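Asks: Could you have a look at this structure, given as structure tokens, before my questions?
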Amino acid sequence: MRLETQFVVDVVLPCLDERGALPWVMSRMPPGYRAIVVDNGSTDGSGELALELGAVVVREEMRGFGAAAHAGLVAATADYVAFCDCDGSLDPARLPALLAPVMAGAADLVLGNRRPLRGSWPVHARIANVVLAWLLRRLTGEAVTDLGPMRAGRRTELLSLGLQDRRSGYPLEMFLKASRRHWRVIQVPVDYAPRTGRSKITGTLKGTLTAVRDMAVQLTAVPGQRRTGAAPPLPGPELRLRDSD
């Protein structure tokens, strides 16, 4: 599916039964940013509501965060693409801050570094995130602190990564492949609020364990790329990951 209308940024919103959050999410979309809601099998009318609210709706029958996220990336036509959760936990109004370094030519991939508000991040999910960040620092030698779902980059470059994961490992695969290509990757802090409605992934212990398993596949599939220690460094300039306001 190809979209015709020209927008500055296409915002991919993977969606599974998020009818309660959609009105707020859509109301926070910045001017010039087009919402691409990827309906991943909703039964609560999320897709229909998203259409009414002005979003482009893509149907993706294969279940999984990666399947929905990649379907949105493939459907996008804007030069710049952002990813954002559709559950109200992340504010789309923050997206211009993520896109600014990419548009200025100062970064290739920008990650939203989540700052949790009260009640927004279950303990088990937070611990899993800390462990993952630690593993990534050891694997890549980069100072990554969070691998949250809000991120932004150029559409053609993101597509060139050839992302294959269609489950919870999709964001990790994106980061690892970007790092191996020596992309300039930075972090921008974003508030992380309690989601609207029932959590289906990291908000539950089962969902967190599933995400950990999916990400473990990515960690074992990518050869060691640490710039220091026993493993030889990759050629080319160092990738530097930093926090940016």
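The values are calculated or read from the model by the stated rules, or taken from the named source; none is laboratory data. Since the structure is predicted, the reported quantities are computational estimates derived from the model, not experimental observations. Positions of Cβ are generated from backbone atoms using ideal geometry, with glycine treated the same way; all protein chains shown enter the neighbour counts.
Asks: Scan the range 72-103 residue by residue and report those that are over 13 Å from the mean Cα position of the chain (by Cα), of a type in the set (Gly, Ala, Ser) and either part of a helix (DSSP H, G or I) or more than 24 Å from residue 165 (Cα to Cα) (or both).
Replies: Once the filter is applied, which keeps residues that are over 13 Å from the mean Cα position of the chain (by Cα), of a type in the set (Gly, Ala, Ser) and either part of a helix (DSSP H, G or I) or more than 24 Å from residue 165 (Cα to Cα) (or both), the range 72-103 yields 75, 88, 93, 97, 100.
Asks: Of the residues that sit in the range 104-128 and are in contact (Cβ under 8 Å) with a residue 24 or more places away in the chain and in a helix (DSSP H, G or I), which one is surrounded by the fewest Cβ atoms within 10 Å (Cβ to Cβ)?
Replies: 124
Asks: Which of the numbered conditions does residue 33 fail, given that it passes all the others? Conditions: (1) touching a strand residue (DSSP E or B) at 6+ places or on another chain (Cβ under 9 Å); (2) more than 14 Å from residue 68 (Cα to Cα); (3) surrounded by fewer than 19 Cβ atoms within 10 Å (Cβ to Cβ).
Replies: (3)
Asks: Name the pairs: first residue in the range 91-103 and more than 12 Å from residue 153 (Cα to Cα), second residue among the basic types (Lys, Arg), Cβ to Cβ under 6 Å, at least 6 apart or on different chains?
Replies: Matching pairs, first to second residue: 91/28; 92/28; 93/28.
Asks: Of everything in the range 140-150, what is out of contact with any helix residue (DSSP H, G or I) (no Cβ under 7 Å at 6 or more places or on another chain) and either at pLDDT 80 or above or of a type in the set (Lys, Arg) (or both)? Give them in sequence order. Full working, then the answer.
Replies: Here is the first cut: in the range 140-150, the ones out of contact with any helix residue (DSSP H, G or I) (no Cβ under 7 Å at 6 or more places or on another chain) are 141, 148.
Once the filter is applied, which keeps residues that are out of contact with any helix residue (DSSP H, G or I) (no Cβ under 7 Å at 6 or more places or on another chain) and either at pLDDT 80 or above or of a type in the set (Lys, Arg) (or both), the range 140-150 yields only 148.
Yes/no matrix, rows are residues, columns are (1) in a loop (DSSP other than H, G, I, E, B); (2) modelled with pLDDT of 90 or more:
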| residue | (1), (2) |
| --- | --- |
| 137 | no, no |
| 167 | yes, yes |
| 172 | no, yes |
| 194 | yes, yes |
| 201 | yes, no |
| 209 | no, no |
| 216 | no, no |
| 225 | yes, no |
| 229 | yes, no |
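Asks: Identify all residues within the range 106-126 that are farther than 20 Å from residue 191 by Cβ and modelled with pLDDT of 80 or more; write none if there are none. Spell out the reasoning first.
Replies: Here is the first cut: in the range 106-126, the residues farther than 20 Å from residue 191 by Cβ are 106-109, 124.
Across the range 106-126, the qualifying residues are 106, 107, 108, 109.
Asks: Continuing with this model, one more query. Any residue in the range 13-36 that's within 12 Å of residue 47 (Cα to Cα) and in a strand (DSSP E or B): show its pairings with residues that are hydroxyl-bearing (Ser, Thr, Tyr) and modelled with pLDDT of 95 or more at Cβ separation under 7 Å, as long as the two are six or more apart or on different chains.
Replies: Pairs that qualify, where the first residue is within 12 Å of residue 47 (Cα to Cα) and in a strand (DSSP E or B) and the partner is hydroxyl-bearing (Ser, Thr, Tyr) and modelled with pLDDT of 95 or more, are 15/42; 15/46.
Asks: Would you mention how many residues in the range 58-76 are surrounded by fewer than 19 Cβ atoms within 10 Å (Cβ to Cβ), free of Cβ contacts under 8 Å to residues at least 60 places away in the same chain and not acidic (Asp, Glu)?
Replies: 2
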